[in-house]
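First the structure, in the form of structure tokens, and then the observations on it.
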Amino acid sequence: MTIMRFTITPKRELFKRDPMIYGHFLEHFHRQIYGGVFEPGSPLSDEDGFRKDVLEALRKIRTPIIRWPGGCFVSSYNWKKGVGPVRTPFFDKAWRVEDPNTFGTDEFIKLCRKLDCEPYICTNAGTGTAEEMSDWLEYCNLENEGEFARMRIANGYPEPYNVKYWSIGNENYGHWEIGAKGTMEWARLVMESAKMMKHVDPTASLTAAALVDLDWNINLLRGSGERLDWISIHAYWDAIHQTNDLAPYGRCMSYTAETEASIAQVRGLLTAMGLEKKIKIAFDEWNLRGWYHPNAHTVYQGHGKAEYLLPRDDNDINASYTMADAVFTACFLNTVLRNADIVGMANFAPVVNTRGAIFTHKDGIVLRSTYHVFDMFVNLMGDTVIDTWAEDVEPYVTPGLKGEVTVDCVDVVATRHNENGKIVVACVNKHEFEDKEITLCLPVNGDVRVTSLTGNSPDDYNDIGRDSVHPFENADAVIEKSDNCLRLRPPAHSVNIVEIG
Ligand code: AHR
């Protein structure tokens, strides 16, 4: 058997990754906000009602940015009713529940300040108007000019929030979205909204809802390319919104090559339009698993709560989130690192509850398998991506949704810490059952430390009172070490971070 070989050239710097590729998303859906990050009255919450255990977990993975409030929710959200001393509960027409309305812009900014992370506000381009979107910017970013800055001051917040990141709309291309738009209609709305938003704050970093579709994106970029700083794309690969029929491990691996293809298509379009140096990709909603909300988000809306509402609790089944989720998440992050010249932001959707990395319950939290992937990447990987040349990578034939799909069995990305030159390599073994042997060819100066995440089986998971999936120091993974070579044995279904020096 030919040993897979990865030649790493530390001197060949590719690009510095933006820390926002490790970003997150929270929507007013099920228990992400209420009962998730925000639970006034809980003994585990602070004086502002935020769960202290959730805040601590989010700080540990150095949350760089949070996108809020949606997602589909935002396309009929009236932000003005979500600020000020009087908050009236409203019916959320996207998810057909009553929103208590006690969490709005001011609470969101408070959350981001507690986490020392960037707020990223997605505006309502469904029922909303260019004026309402730009009014939101006035409320957040103007010093004291005009009605909305004065409203913020009157609400007790004298200083501007300086929210830098803004999205015009969410998935307005989709029939499921309230206020869905046609291609030309969308191009016009974004042009006018971006114009008004930039008139309020020319420093605002703007994106707009897009998808991997040439017609939509060409018209969007023709009209607003000069005013946009990002283009947003979303992806959920295991599309189980209606069935919760979780893809097994092998099928999840069949999806691991699709991220690259999506990025390549958007990169190609930006290049063709001469915008690849001006506009970056924000992968601002992504997760292996689509959220389970049957008979919603579709043409048919469930009639009884048992049909469309109660099933949402099944997103909370922690056994759903296994090493398949962890391995896929590591492959996604590796792909984004390989494309970090053009992907400047990615937001795990969501980070708390639903399919998120952190599960909350009344007595504490569960760190699901994906949480540990973020912990390993954020806290161990370097800030500069360096060249990795792969040879003889073993093909891995996986059972895709519509037949066999061959992917690389092992996925390797190398980085360097600019401050101390330390080389850190992410090495993912996708194979469900087999350990693999690989050779890393690179200068090996100093100690080698391998941190692995494998669980006890491909289907292992964490839950209340169960913590069998967690990173550990894996000395057994190092077979041989010399001055310019490392032979490693990454275990089956594993994420491994190799630190050198
Ligand atoms: O399933 C959740 C939804 O997925 C989000 O609200 C939306 O942005 C995406 O379609």
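The values are calculated or read from the model by the stated rules, or taken from the named source; none is laboratory data. If you're wondering where the values come from, they're calculated on a predicted model, not measured in any experiment. Ideal geometry is used to build each Cβ from the backbone, glycine not excepted, and the neighbour counts take in all protein chains shown. Each accessible area value is taken on the protein alone, full model and side chains, heavy atoms only, with ligands, DNA and RNA left out. Shrake-Rupley method; radii C 1.70, N 1.55, O 1.52, S 1.80 Å.
Lys278 falls short on exactly one of the conditions (1) open to solvent by 60 Å² or more (accessible area, probe 1.4 Å); (2) within 16 Å of the ligand (Cβ to nearest atom), and that condition is (2). Taken together, Gly290, Gly364, Gly356, Gly302 contain a single residue that is without any contact (Cβ under 8 Å) to a residue 40 or more places away in the chain and farther than 28 Å from Thr7 by Cα, which is Gly302. Looking only at residues of region 25-76 that are hydroxyl-bearing (Ser, Thr, Tyr) and touching an Asp or Glu at 6+ places or on another chain (Cβ under 7 Å), we find that the one that is nearest to Leu115 (Cα to Cα) is Ser45. The requirement of being open to solvent by 10 Å² or more (accessible area, probe 1.4 Å), within 16 Å of the ligand (Cβ to nearest atom), modelled with pLDDT of 95 or more and not in a helix (DSSP H, G or I) is satisfied by His30.
Under the condition of being buried (at least 16 other Cβ atoms within 10 Å of the Cβ) and touching a helix residue (DSSP H, G or I) at 6+ places or on another chain (Cβ under 6 Å), the residues counted in region 180-192 number 4. For residues that are touching a helix residue (DSSP H, G or I) at 6+ places or on another chain (Cβ under 8 Å) and within 15 Å of Gly104 (Cβ to Cβ), scanning just region 62-76, find the one that is farthest from the ligand (Cβ to nearest atom). Filtering first and then ranking leaves Ile66.
Glu192 - would you say it is touching a residue at least 24 places away in the same chain (Cβ under 8 Å) and closer than 12 Å to Ser232 by Cα? No; evaluated as a whole, the condition is false for this residue. The residue of region 209-235 that is nearest to Glu260 (Cα to Cα), among those that are in contact (Cβ under 8 Å) with a residue 60 or more places away in the chain and of a type in the set (A, V, I, L, M, F, W, C), is Trp230. Out of the residues in region 375-405 that are of a type in the set (Ser, Thr, Tyr) and closer than 18 Å to Asp435 by Cα, state the one that is most open to solvent (accessible area, probe 1.4 Å). Checked region 375-405; the qualifying residue most open to solvent (accessible area, probe 1.4 Å) is Tyr396. In this entry, Asp106 is excluded by the filter for residues that are among the charged types (D, E, K, R), closer than 19 Å to Glu27 by Cβ and within 16 Å of the ligand (Cβ to nearest atom).
Do you know which residues across region 35-66 are within 21 Å of the chain's Cα centre (by Cα) and open to solvent by 50 Å² or more (accessible area, probe 1.4 Å)? Residues satisfying the conditions are Glu56, Arg59, Lys60, Arg62. Taking the conditions exactly as written (part of a loop (DSSP other than H, G, I, E, B) and touching a strand residue (DSSP E or B) at 6+ places or on another chain (Cβ under 8 Å)), does Tyr157 satisfy them or not? No. Candidates Leu220, Leu270, Leu214: the one that is away from the ligand (no atom under 16 Å from the Cβ) and under 30 Å from Leu142 (Cβ atoms) is Leu220.
Residues being open to solvent by less than 40 Å² (accessible area, probe 1.4 Å), of a type in the set (Asp, Glu), more than 16 Å from the ligand (Cβ to nearest atom) and touching a helix residue (DSSP H, G or I) at 6+ places or on another chain (Cβ under 9 Å) are represented in region 193-202 by at least one member.
I'd like to know if region 140-151 contains one or more residues that are touching a Leu at 6+ places or on another chain (Cβ under 6 Å) and over 24 Å from Val37 (Cα atoms). Yes; the residues of region 140-151 include at least one that is touching a Leu at 6+ places or on another chain (Cβ under 6 Å) and over 24 Å from Val37 (Cα atoms). Pairs linking a residue in region 163-182 that is among the hydroxyl-bearing types (Ser, Thr, Tyr) to a residue that is assigned to a loop (DSSP other than H, G, I, E, B) and within 11 Å of the ligand (Cβ to nearest atom), with Cβ atoms under 6 Å and 6 or more positions apart or on different chains, are Tyr173/Leu211. Of the residues Asn78, Asn155, Asn124, the single one that is farther than 26 Å from Gly302 by Cβ and open to solvent by 10 Å² or more (accessible area, probe 1.4 Å) is Asn155. Looking at this structure, is Val266 touching a helix residue (DSSP H, G or I) at 6+ places or on another chain (Cβ under 6 Å) and not polar (S, T, N, Q)? Here the answer is no, as Val266 does not meet what is asked. For the subset of region 127-152 comprising residues that are hydrophobic (A, V, I, L, M, F, W, C) and in contact (Cβ under 8 Å) with a residue 12 or more places away in the chain, which member is most open to solvent (accessible area, probe 1.4 Å)? So, considering only residues that are hydrophobic (A, V, I, L, M, F, W, C) and in contact (Cβ under 8 Å) with a residue 12 or more places away in the chain, the one most open to solvent (accessible area, probe 1.4 Å) is Met151. If you go through region 79-103 and pick out every residue that is more than 16 Å from the ligand (Cβ to nearest atom), touching a helix residue (DSSP H, G or I) at 6+ places or on another chain (Cβ under 8 Å) and not hydrophobic (A, V, I, L, M, F, W, C), you end up with 6.
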